[in-house]
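Following: one structure in structure tokens, then a few remarks.
The values are calculated or read from the model by the stated rules, or taken from the named source; none is laboratory data. Since the model is a prediction, treat every value here as computed from it, not as a measurement. As a convention, Cβ positions derive from the backbone with ideal geometry for all residues, glycine included, and neighbour counts pool all protein chains shown.
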Amino acid sequence: RVARLGAVGGDWLDQRTAGGGLVKFLGRKIFPDHWSFMFGEVALYSFVILLVSGTFLTMFFVPSMDEVVYDGVYGPMQGAHMSRAFESTLHLSFEVKGGLLFRQMHHWAALVFMVAIFVHMFRVFFTGAFRKPRELNWLVGFSLMVLGMVAGFSGYSLPDDVLSGNGLRVVDGLMKGIPIVGTYLSMLLFGGEFPGHDIIPRLFTIHILLVPAAILGLIAIHLTLLVLSKHTHYPGPGRTDRNVVGFPVFPVYAAKAGGFFFLVFGIITLISATTAINAVWIYGPYDPSPVSAGSQPDWYMLWTDGGLRLIPGWEFTIFGYVISLNILLPMAIYGGLLAFLALYPFLEAWVTGDDREHHVLDLPYNNPVRTGLGVAWITIYLILALGATNDLIALKLHLSINDLTWLFRVSIFVAPVLVFYITKRLCIAMQRHKRGLALHGVETSKVVRMPNGEMLEIHEPLNEYDRWVLVQHDDFRPLKAGKGVSALRAKATSFFFKDYISPVTPAELREALDHAAHEKHEIDAVTGGDYTVPSAK
Ligand code: HEM
Ligand code: HEM
């Protein structure tokens with residue numbers, strides 16, 4: 001009866017919307033299965049949690065900077081002067097039933113959202129999933145990552161506690177550091193001299209309306225493009241650039257994804273119910289005078305704070321205008337790091353001259369330069385993030401904050417180069433090792449002495465599947481200078497392809513297998529096919 005009701009209902013809807021075709025199309029979509037495809041989903045599900053918990057918070061949070069005197073239930077704050085925004089955050093935390101849980105869920109979901117976005121982005125980066133035809137989706141994803149940071153920053157600025165006020169003060173400083181227009185920009189944003197009375201209501205609109213709407217729209221585009229260009233898959237037998245091997249969305253993937261959503265929801269709720277985050281009553285209401293040690297932003301904004309802490313206080317004056325290099329240089333670094341990410345797919349395609357479609361992913365070690373560049377990017381990011389915690393590290397490890405700052409200043413130049421080189425060499429070593437495995441099989445440590453005195457080691461051949469994965473990697477020849485290839489491009493290409501190890505060719509593999517069969521024949525003749533090594537006893 002239920003099935004009949006469903007069928008009748010479905011038919012009714014289909015006649016009015018012609019949605020049946022779409023359901024059939026989406027239901028039959030193939031989604032490949034691999035653990036690394038889970039991070040995009042975690043980002044999606046934590047965004048849903050942000051929407052739900054955020055909606056609850058809007059019912060109680062008051063985005064106003066009017067001054068009030070606190071007379072709520074939290075004793076230590078009784079009689080303190082604060083903004084209504086801060087007061088309502090205390091009210092949410094102590095008096096609204098479930099309020100603290102929702103605040104913590106909202107904040108933890110934001111942290112998980114950004115972790116998932118970063119890990120997802122680097123999964124896409126290291127496997128080359130951004131290559132043609134997915135460059136556009138990479139850009140959509142990149143915008144989602146930047147919007148995620150804006151959402152997080154505007155969110156934790158709302159409660160108007162000391163930490164959020166200090167974060168806003170940094171934004172004020174960054175703006176004022178821009179020559180000529182800086183002061184005007186700051187006045188425009190804050191509606192007068194910092195902190196003014198307008199910033200919290202303005203951030204509120206940005207935070208609960210503009211940014212979530214933009215994220216929602218971009219996620220819709222992201223997933224539509226995903227369906228249109230189909231998902232990639234890892235190398236394996238039967239997986240080519242012309243097919244997708246996986247499960248249909250309905251029923252297999254839908255059930256898995258549904259279950260996974262509840263898992264993410266459950267884990268975020270568990271963390272939020274047990275682990276305090278942003279306990280604003282400990283920091284107190286915003287007051288422009290105190291800036292305590294231990295004032296760190298959320299993890300995804302640490303890198304921006306690090307840039308400001310590491311840069312020396314350089315500035316000079318031209319025609320009466322102060323040029324604050326200590327503001328402009330970090331901004332250039334932030335811009336450079338972001339631009340590198342946004343443009344990487346185009347940069348790589350330009351360097352390699354590769355305009356083919358790719359649906360089979362690269363294993364990261366098969367592209368040593370890309371992998372090296374990615375790890376170098378992460379290294380710079382981490383050093384900036386560590387720079388933002390220099391006070392905490394100095395306190396906990398009893399080190400000098402000046403020494404630490406100098407250590408990070410030097411490392412930011414040295415470490416990425418070192419890390420690039422080490423990663424590249426490790427990838428090449430892995431490629432060589434895998435190449436040996438594919439051609440000669442696994443060493444067994446069993447050595448047979450032949451009648452002529454020759455020593456032969458017995459190799460166990462790989463199974464077809466493993467060999468396929470190792471052999472199936474993209475072969476691509478470097479561009480040659482001349483014929484429309486500029487000298488700069490040829491240089492970049494030779495940097496990219498230096499030490500290039502080409503994949504195993506079918507002829508090479510055939511020869512290796514023939515050789516192995518021949519050797520096995522010889523060994524069998526001596527050992528009678530019994531390779532068991534006599535024990536030492
Ligand atoms: C694929 C969601 C951010 C680039 C996917 C998938 C989902 C997803 C569910 C399919 C599963 C998977 O491959 O993991 C999201 C959400 C995001 C986000 C909800 C943030 C709100 C990003 C970012 C980038 C990116 C920051 C890169 C800068 C891509 C690309 C694919 C993809 C290129 C296709 C991958 C393939 O076919 O192998 N995204 N993503 N996404 N995402 Fe994202
Ligand atoms: C506060 C992040 C979307 C409403 C916050 C806070 C963060 C945050 C980190 C500070 C929480 C705290 O006090 O500890 C995000 C992110 C979002 C998002 C990353 C999306 C990508 C939303 C949406 C809404 C919303 C869609 C409303 C529909 C609020 C409100 C507050 C807040 C009212 C202030 C309440 C408070 O701080 O206690 N947000 N949020 N947020 N968010 Fe969001």
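So which residues in the stretch 175-200 are surrounded by fewer than 21 Cβ atoms within 10 Å (Cβ to Cβ), assigned to a helix (DSSP H, G or I) and not aromatic (Phe, Trp, Tyr), if there are any at all?
MET175, LYS176, GLY182, THR183, LEU185, MET187, LEU188, LEU189 - these are the residues of the stretch 175-200 that are surrounded by fewer than 21 Cβ atoms within 10 Å (Cβ to Cβ), assigned to a helix (DSSP H, G or I) and not aromatic (Phe, Trp, Tyr).
Test of understanding: among ALA18, ALA3, ALA7, ALA85, which residue is among the aliphatic types (A, V, I, L, M), more than 19 Å from LEU223 (Cα to Cα), under 35 Å from the mean Cα position of the chain (by Cα) and away from ligand 1 (no atom under 16 Å from the Cβ)?
ALA85
Any idea how many residues of the stretch 99-141 are part of a helix (DSSP H, G or I) and under 24 Å from ASP241 (Cβ atoms)? Break it down stepwise before answering.
Here is the first cut: in the stretch 99-141, the ones part of a helix (DSSP H, G or I) are 99-126, 135-141.
Narrowing further to those that are under 24 Å from ASP241 (Cβ atoms): 120-126, 135-141.
So the answer is 14.
Might you check whether a residue that is more than 30 Å from VAL369 (Cβ to Cβ), within 11 Å of ligand 2 (Cβ to nearest atom) and either at pLDDT 95 or above or more than 23 Å from the chain's Cα centre (by Cα) (or both) occurs anywhere in the stretch 71-80?
No, there is no match, as no residue in the stretch 71-80 is more than 30 Å from VAL369 (Cβ to Cβ), within 11 Å of ligand 2 (Cβ to nearest atom) and either at pLDDT 95 or above or more than 23 Å from the chain's Cα centre (by Cα) (or both).
If I filter the stretch 34-65 down to residues being more than 21 Å from GLY99 (Cβ to Cβ) and surrounded by fewer than 16 Cβ atoms within 10 Å (Cβ to Cβ), which single residue comes out as farthest from the chain's Cα centre (by Cα)?
Here the residue is HIS34.
Show me the helices (runs of 4 or more DSSP H) entirely contained within the stretch 201-318 in which 1 or more residues are basic (Lys, Arg).
Output list reads 254-274, 302-310.
I want to confirm something. Restricting to the stretch 222-255 and keeping residues that are under 30 Å from MET149 (Cα atoms) and exposed (fewer than 15 other Cβ atoms within 10 Å of the Cβ), which single residue is farthest from ligand 2 (Cβ to nearest atom)?
Looking at residues that are under 30 Å from MET149 (Cα atoms) and exposed (fewer than 15 other Cβ atoms within 10 Å of the Cβ), I get LEU228.
Give the residues of the stretch 432-447 that are touching a residue at least 24 places away in the same chain (Cβ under 8 Å) and assigned to a strand (DSSP E or B), sorted by residue number.
THR444, LYS446
Being in contact (Cβ under 8 Å) with a residue 24 or more places away in the chain and within 16 Å of ligand 2 (Cβ to nearest atom) is the filter here, so list the residues in the stretch 175-204 that pass it.
The answer is ILE199, ILE200, PRO201, LEU203, PHE204.
Out of the stretch 223-256, which residues are touching a strand residue (DSSP E or B) at 6+ places or on another chain (Cβ under 9 Å), within 15 Å of LEU361 (Cβ to Cβ) and not β-branched (Val, Ile, Thr)?
Hits for the stretch 223-256 are LYS230, HIS231, HIS233, TYR234, PRO235, GLY236, ARG239, ASP241, ASN243, GLY246.
Every residue in the stretch 313-336 that is touching a helix residue (DSSP H, G or I) at 6+ places or on another chain (Cβ under 7 Å) and either without any contact (Cβ under 8 Å) to a residue 24 or more places away in the chain or farther than 17 Å from ALA388 by Cα (or both), please.
Passing the criteria: GLY313, TRP314, GLU315.
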